1. How many residues, within the stretch 251-274, are free of Cβ contacts under 8 Å to residues at least 24 places away in the same chain and either more than 15 Å from L233 (Cα to Cα) or open to solvent by less than 20 Å² (accessible area, probe 1.4 Å) (or both)?
2. Within the stretch 290-316, take every residue that is surrounded by 15 or more Cβ atoms within 10 Å (Cβ to Cβ) and aliphatic (A, V, I, L, M) and give me the one that is nearest to Q353 (Cα to Cα).
3. Looking only at the stretch 331-374, count every residue that is under 22 Å from T317 (Cα atoms) and either within 19 Å of the chain's Cα centre (by Cα) or free of Cβ contacts under 8 Å to residues at least 40 places away in the same chain (or both) and tell me the total.
4. Scan L367, L349 and give me the residue that is closer than 28 Å to P219 by Cβ, at pLDDT 95 or above and surrounded by 15 or more Cβ atoms within 10 Å (Cβ to Cβ).
5. Looking at the stretch 360-372 only, could you name the residues that are within 16 Å of D275 (Cβ to Cβ) and of a type outside the set (A, V, I, L, M, F, W, C)?
6. Picking from L224, L234, which residue would you name as being part of a helix (DSSP H, G or I) and surrounded by 21 or more Cβ atoms within 10 Å (Cβ to Cβ)?
7. One residue is enough: does the stretch 361-370 have a residue meeting the conditions more than 22 Å from V108 (Cβ to Cβ) and aromatic (F, W, Y)?
8. Counting only residues that are of a type outside the set (S, T, Y) and open to solvent by 80 Å² or more (accessible area, probe 1.4 Å), which one in the stretch 76-99 is nearest to L159 (Cα to Cα)?
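The values are calculated or read from the model by the stated rules, or taken from the named source; none is laboratory data. Nothing here was measured: the structure is a model prediction, and the numbers come from that model. Cβ: placed from backbone, ideal geometry, glycine included. Neighbour counts: every protein chain shown. Please note that ligands, DNA and RNA were not included when accessible areas were found on the heavy atoms of the full protein model with its side chains. Shrake-Rupley method; radii C 1.70, N 1.55, O 1.52, S 1.80 Å.
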Amino acid sequence: MGDNGFSSSSSPRRFSSTSAAFPLAKLGPHHRHYSLSSSTISNHRRRDVQRHMAVEGDFDPDSISRSVEEAKAGSIKARLRALYKFTRPHTIRGTVLASIAGTIRALVDTPGAIATVDWNMMLPRAFVGMIALLLGNAFIVGINQIYDEQIDKMNKPFLPVASGEMSKRFAWGAVLTGGIVGPLIVWKFFPLLLFKLYMLGWFLGAVYSVPPIRTKRNPIAAGLTIATVRGFLLNFGVYYAVKDAIGATFSWSPKVSFIARFMTMFATVIAITKDLPDVEGDKAYNIQTFATKVGVDRIAKGATFCLLLNYVHAILTGLLSRAGTFRPLSMVGGHTVLMAMLIYRFQQLDSSQIRSIKTYYKHIWDLFYLEYALYTLI
């Protein structure tokens, strides 16, 4: 391990920019390492392995090999790129969208707030709150990568700790920074209730990955953890923080109550479907998930059915609520469109193909993002 915090030449997991040994666990039943420059690989196989899909997008083994070498050489750009990947960008997008949507919703729900709010106070406070949330997000996803390094080498070899772009030393530094600075920000700038809720999410996120509790080993506990943190605590916390900042009394409006219910269910589905592409690695390391116990096809069908029920619940909420509570075009029409998108994406799923499974999971996240856009309009 180098003093710079990133992998040194002594790392046991070596990459070469010309002949990258990359674990293609999903492409072969025996998890062999294939040399991308070997003349024994057919042109078809070569094209197939050049890019692989993740929720964050396609990743290229050769590109990762170069990034490892650049990080070892001291490239600042490579280090920042590894740090960015370490934060799991798709989870950052969810956190940022939840913050923006919750802020807009709280301001719109408070009569006169937009016209009278002190923006010189509000914007810096919102920025500080966003930083605290992103640090908490980095803490949770980072500590997971540290304790899941061996599993990720099989399931997610593009992640920086698993690939060797980032050393354990640097990863721990990033995790401890997020895990300490985030709570200090909330303690300093926000009400005690929000600090308690933040620390509850901090604790649940930590024990999800850290032994001996490690709730991710139990599919029910893992699902409840993710649903609580990303479904309820995030959405309630942002709304409450904005209400407090503008001096308004918090109340469970029909819209914030709806989004808390809806996103808690949605986050539960994400907690279940996130394991669909990782069945082989989870089985190898005795991680029990619904996907390993029930099977990918059944879980995909069950998750889709649960999301369909969630959308039906949203549509019925819009139809049956008192007139004026929701905007029918957004609440009913918008959720009908998203439900149709879900059905279309599910029809394209081939549960026997790993790329199709990852595409399906990525589209679930896309629907998750779109819900926050719709939340500001309902």
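1. From the stretch 251-274, those free of Cβ contacts under 8 Å to residues at least 24 places away in the same chain are 251-252, 257; that's our starting set.
From the residues that got through so far, the ones that are either more than 15 Å from L233 (Cα to Cα) or open to solvent by less than 20 Å² (accessible area, probe 1.4 Å) (or both) too are 251.
Matching residues across the stretch 251-274 total 1.
2. So, considering only residues that are surrounded by 15 or more Cβ atoms within 10 Å (Cβ to Cβ) and aliphatic (A, V, I, L, M), the one nearest to Q353 (Cα to Cα) is V296.
3. At the first step, the residues of the stretch 331-374 found to be under 22 Å from T317 (Cα atoms) are 331-343, 364, 367-374.
Among the residues that remain, those that are also either within 19 Å of the chain's Cα centre (by Cα) or free of Cβ contacts under 8 Å to residues at least 40 places away in the same chain (or both) are: 332-333, 335-343, 364, 367-373.
Here the count works out to 19.
4. Numbers: L349 fails: at pLDDT 95 or above.
Exactly one of L367, L349 is closer than 28 Å to P219 by Cβ, at pLDDT 95 or above and surrounded by 15 or more Cβ atoms within 10 Å (Cβ to Cβ), namely L367.
5. From the stretch 360-372, those within 16 Å of D275 (Cβ to Cβ) are 360-362, 364-365; that's our starting set.
Selection gives Y360, Y361, K362.
6. Numbers: L224 fails: surrounded by 21 or more Cβ atoms within 10 Å (Cβ to Cβ).
Result of the check over L224, L234: L234.
7. First pass over the stretch 361-370, keeping only residues more than 22 Å from V108 (Cβ to Cβ): 361-367.
After this cut, where a residue has to be aromatic (F, W, Y) as well, the list is 361, 365.
Looking for residues that are more than 22 Å from V108 (Cβ to Cβ) and aromatic (F, W, Y), one finds at least one in the stretch 361-370, hence yes.
8. Initial filter on the stretch 76-99 (of a type outside the set (S, T, Y)): 76-83, 85-86, 88-90, 92-94, 96-98.
Retained after the next criterion (residues that are open to solvent by 80 Å² or more (accessible area, probe 1.4 Å)): 76-77, 80, 93.
Numbers: I76: 18, K77: 16, L80: 13, R93: 17 Å.
Checking each candidate, the answer is L80.
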